[in-house]
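The following block contains the structure, expressed as structure tokens.
The values are calculated or read from the model by the stated rules, or taken from the named source; none is laboratory data. Keep in mind the model is a prediction, meaning the values are calculated, not measured. In this analysis, Cβ positions are derived from the backbone assuming ideal geometry, glycine residues included, and neighbour counts consider all displayed protein chains. Heads up: the accessible areas ignore ligands, DNA and RNA and are worked out on the full protein's heavy atoms, side chains in. Shrake-Rupley method; radii C 1.70, N 1.55, O 1.52, S 1.80 Å.
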Amino acid sequence: MTTEPLAKPAVLVEGVGKTFDVGRGRSAGTVVALDDIQLSVATGEFVSLIGPSGCGKSTLLRLIADLDQPSVGDIRVFGKTARQARIDQDYGIAFQQAGLLPWRSVAANIELPLELHGIGREARQKRSAELLALVGLSDFADRFPDQLSGGMQQRVAIARSLAESPELLLMDEPFGALDEMTRERMQGELVRICGETGAAVVFVTHSIPEAVFLSDRVVVMSPRPGRIVGIVDVALGRTGDRDDDLREASTFFASVKAVREALHGIPAAAITGVETR
Amino acid sequence: MRARPGVRARSALLGVAGVALLALVWELYKAVGPATGVVVGGVTVLPRTSDLAMPHLVTMFARLGDPVISTPGSPMLWSAVVGAAGFTLGIAAVGWIVGVVVGFLLALVMQRFRTAESALLPWIVLSQTVPLIALAPLVAGIGSQVRFGEARWQDWMSVALIASYLAFFPVSIGALRGLESPDAAHVELMHTYSVGWWKTLIHLRLPASIPYLLPALRLAAASAVVGTVVAEVSIGLSGGVGRMMVEYASASSGNPGKPWAPIFGAIIIGLVSAGFVAVLGLALARYRRGEVNA
Ligand SMILES: Nc1ncnc2c1ncn2[C@@H]1O[C@H](COP(=O)(O)OP(=O)(O)OP(=O)(O)O)[C@@H](O)[C@H]1O
Ligand SMILES: [Mg+2]
């Protein structure tokens with residue numbers, strides 16, 4: 001991958017570890033959620049985090065989002081501290097639960113971050129109309145979240161995360177609660193949106209095909225303690241150019257196989273296309 | 001969560017049926033029950049059915065259309081009752097508003113500062129164990145020594161204060177629960193937008209608190225009305241239905257319908273205050289939408 005020497009990576013995670021204190025009194029102890037994580041995400045790059053439950057994917061994402069602080073190590077977002085990046089609103093975030101405010105209409109939910117940051121009404125309406133068109137929900141602007149299906153709610157949440165045109169998107173299993181068909185359609189839409197906006201993405205998922213279909217690189221993690229065990233380069237071309245035909249391509253299956261083998265702990269050196277750090 | 005028209009009509013019908021049933025039971029027992037009441041082991045478990053103890057419903061309503069006393073120029077009983085109900089309702093409303101404001105401010109302080117919650121909450125709960133009857137004369141006694149320049153502390157203010165003392169409790173508890181009701185995910189979302197406590201309050205905690213606040217406001221209204229009526233009796237403030245109940249009950253041996261008139265007044269007050277909160281709930285309907293399930 002060619003990187004301009006001056007361009008700051010979207011995310012730079014260096015030697016990050018995170019331990020949680022759990023329990024009280026006699027049962028007190030610590031859980032090592034993350035251990036010595038090294039990761040760099042270039043601008044415009046789509047990186048997925050995959051690994052068994054409890055390997056620290058969400059924790060890593062929360063550290064990048066400054067929702068929690070690392071115990072050791074350093075995190076830079078566009079060269080700034082994670083805290084500064086949050087204050088500067090450099091990223092948009094979407095979780096597994098859509099997390100829409102039930103008393104706000106769809107449009108008002110998308111406009112929430114804009115409203116909170118003092119953007120005028122007209123500019124807000126213009127932006128939410130754009131985003132609604134982007135996620136294909138223009139007819140639902142005045143509906144309320146409880147009148148939408150789960151997939152529609154998730155699309156609204158993604159539109160909301162894009163509201164301030166962030167250069168970095170953080171997504172924690174945003175399609176986790178969706179059925180397979182909706183999920184594939186949403187993946188297609190996400191690929192298209194990323195192509196249009198050029199944002200870098202850190203995407204947490206449990207699904208190997210999903211990770212491969214979406215990503216430039218798939219980061220494979222293992223639990224207890226959470227470590228990166230392999231990084232699979234997916235040679236499927238630019239994220240924005242992918243479409244559903246790709247799911248049938250042999251290169252797709254090769255990458256799926258590489259990720260699966262990394263997940264199941266085959267020594268990294270034996271896997272082609274896997275770069276370990 | 002919002003009732004559809006059909007459901008609403010049904011519940012209105014059931015309400016009417018309930019009142020009719022109550023009236024039926026009253027008249028039925030009066031017709032067949034023993035004149036001396038039902039006494040088990042020296043304890044009266046069911047009341048006497050004499051016309052004095054249990055007048056016919058017709059007697060009660062008919063009495064409303066007669067003058068209060070037989071001297072000429074006396075107003076109709078119903079208009080006296082409506083006047084008294086208005087007087088009591090006014091005081092209860094003042095007490096309700098004061099109670100709601102105080103209760104809500106307490107909830108805000110408790111939500112903002114953890115330590116305030118652990119310091120205040122036990123006192124708030126404890127405050128409600130002080131018996132109202134004991135409190136009323138005390139408040140009036142202390143109040144009588146208070147002056148603001150020319151203005152003096154009035155007895156009705158003592159009554160309103162006691163009403164607010166009862167009303168603030170459900171509001172402070174309900175509002176605190178409501179303000180703390182948003183999911184961690186929503187609170188974290190506001191954090192990722194790097195907005196402070198105030199904006200989080202306005203855009204998240206306040207709207208989220210409304211489903212908890214409305215039942216608290218309804219309870220506070222009921223408490224304020226009860227508090228007002230009891231305090232009127234206890235302090236001896238005339239003009240409202242509380243005092244009227246005592247007066248009519250003691251001076252009406254040959255007048256069985258009359259003591260029931262102020263009770264109808266109290267019912268009117270209850271309906272008006274409950275109706276007011278219901279209208280408030282309709283105005284805030286958008287904040288009572290079901291939770292989102294993604
Ligand atoms: N707030 C916390 N307090 C204590 N332990 C925590 C906390 N958050 C996470 N952990 C622990 O850290 C580890 C990693 O959790 P994390 O949620 O990051 O896993 P995950 O990879 O996202 O799992 P999943 O795929 O199930 O979402 C787990 O062992 C979890 O128990
Ligand atoms: Mg997780």
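Are there any pairs with C-beta distances below 8 angstrom linking a residue in the stretch A:138-157 that is over 20 Å from A:PRO113 (Cβ atoms) to a residue that is of a type in the set (Gly, Ala, Ser) and at pLDDT below 90, with the two at least 6 apart or on different chains, and if so which?
Here the result reads A:ASP146/B:GLY290; A:GLY150/A:ALA98; A:GLY150/A:ALA177; A:GLY150/B:ALA294, each pair linking the stretch A:138-157 to a residue that is of a type in the set (Gly, Ala, Ser) and at pLDDT below 90.
For every residue, the table says whether it meets (1) within 12 Å of ligand 2 (Cβ to nearest atom); (2) more than 17 Å from the chain's Cα centre (by Cα); (3) without any contact (Cβ under 8 Å) to a residue 40 or more places away in the chain.
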| position | (1), (2), (3) |
| --- | --- |
| A:LYS18 | no, yes, no |
| A:ASP21 | no, yes, yes |
| A:VAL32 | no, yes, no |
| A:ASP35 | no, yes, no |
| A:GLY44 | no, no, no |
| A:VAL47 | no, no, no |
| A:PRO52 | yes, no, no |
| A:LEU61 | yes, no, no |
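Given the stretch B:134-201, what helices (runs of 4 or more DSSP H) lie entirely inside it while holding 1 or more residues that are away from every other protein chain (no Cβ under 14 Å)?
B:155-179
In contact with a Ser or Thr (Cβ under 8 Å, 6 or more places away or on another chain) and either open to solvent by 30 Å² or more (accessible area, probe 1.4 Å) or within 14 Å of chain A (Cβ to nearest Cβ) (or both), is that true of B:PRO215?
no
How about the stretch B:67-89: which of its residues are open to solvent by 50 Å² or more (accessible area, probe 1.4 Å) and touching a strand residue (DSSP E or B) at 6+ places or on another chain (Cβ under 8 Å)?
Within the stretch B:67-89, B:PRO67, B:PRO75, B:MET76 qualify.
Mind listing just one residue for me: the one in the stretch A:56-78 that is within 14 Å of chain B (Cβ to nearest Cβ) and over 13 Å from A:LEU169 (Cα atoms) and, of those, farthest from ligand 1 (Cβ to nearest atom)?
Among those residues, the one meeting the criterion is A:ASP66.
Within 12 Å of another protein chain (Cβ to nearest Cβ), more than 9 Å from ligand 1 (Cβ to nearest atom) and open to solvent by 30 Å² or more (accessible area, probe 1.4 Å): is that true of A:ARG83 in this structure?
When the stated conditions are applied, A:ARG83 passes them.
Where residues in the stretch A:98-113 are more than 8 Å from chain B (Cβ to nearest Cβ) and open to solvent by less than 10 Å² (accessible area, probe 1.4 Å), which of them is nearest to B:ILE202 (Cα to Cα)?
A:ASN109
Also, quick follow-up: Criterion first (open to solvent by 80 Å² or more (accessible area, probe 1.4 Å) and among the aromatic types (Phe, Trp, Tyr)) does B:PHE113 satisfy it?
So B:PHE113 fits the description; yes.
A further question follows. I want to confirm something. Restricting to the stretch B:266-277 and keeping residues that are aliphatic (A, V, I, L, M) and without any contact (Cβ under 8 Å) to a residue 24 or more places away in the chain, which single residue is least open to solvent (accessible area, probe 1.4 Å)?
Top of the filtered list is B:ILE267.
Which residue out of A:SER149, A:SER138, A:SER165, A:SER207 is open to solvent by 10 Å² or more (accessible area, probe 1.4 Å) and within 16 Å of ligand 2 (Cβ to nearest atom)?
A:SER207
State all residues of the stretch B:278-287 that are open to solvent by 70 Å² or more (accessible area, probe 1.4 Å), within 14 Å of chain A (Cβ to nearest Cβ) and either under 12 Å from B:MET60 (Cβ atoms) or of a type in the set (A, V, I, L, M) (or both); if no residue qualifies, say none.
B:ALA283
Among the numbered criteria (1) in the same structural domain as B:ILE235 (by TED's automatic domain parsing); (2) closer than 30 Å to B:GLY236 by Cβ; (3) modelled with pLDDT under 85, which one does B:PRO47 miss?
Failed condition: (1).
Does B:ARG177 satisfy the criteria of being of a type in the set (Lys, Arg) and at pLDDT below 90?
no
Which of the residues belonging to the stretch A:222-253 are in contact with a helix residue (DSSP H, G or I) (Cβ under 6 Å, 6 or more places away or on another chain), modelled with pLDDT of 70 or more and open to solvent by less than 20 Å² (accessible area, probe 1.4 Å)?
A:GLY230, A:VAL232, A:VAL234, A:PHE252
Among the residues of the stretch A:25-55, count how many are among the β-branched types (Val, Ile, Thr), within 13 Å of ligand 1 (Cβ to nearest atom) and within 29 Å of A:ALA235 (Cβ to Cβ).
Qualifying residue count, the stretch A:25-55: 2.
Another question, then. Can you name the residue in the stretch A:1-24 that is within 16 Å of ligand 1 (Cβ to nearest atom) and open to solvent by less than 100 Å² (accessible area, probe 1.4 Å) and is also modelled with the lowest pLDDT among such residues?
A:GLY23
I want to confirm something. Restricting to the stretch A:64-80 and keeping residues that are within 20 Å of A:GLY44 (Cα to Cα) and within 16 Å of ligand 2 (Cβ to nearest atom), which single residue is surrounded by the fewest Cβ atoms within 10 Å (Cβ to Cβ)?
Of everything passing the filter in the stretch A:64-80, A:ALA65 is surrounded by the fewest Cβ atoms within 10 Å (Cβ to Cβ).
Looking at (1) within 14 Å of chain B (Cβ to nearest Cβ); (2) basic (Lys, Arg); (3) open to solvent by 50 Å² or more (accessible area, probe 1.4 Å), can you tell me which one A:ARG121 breaks?
(1)
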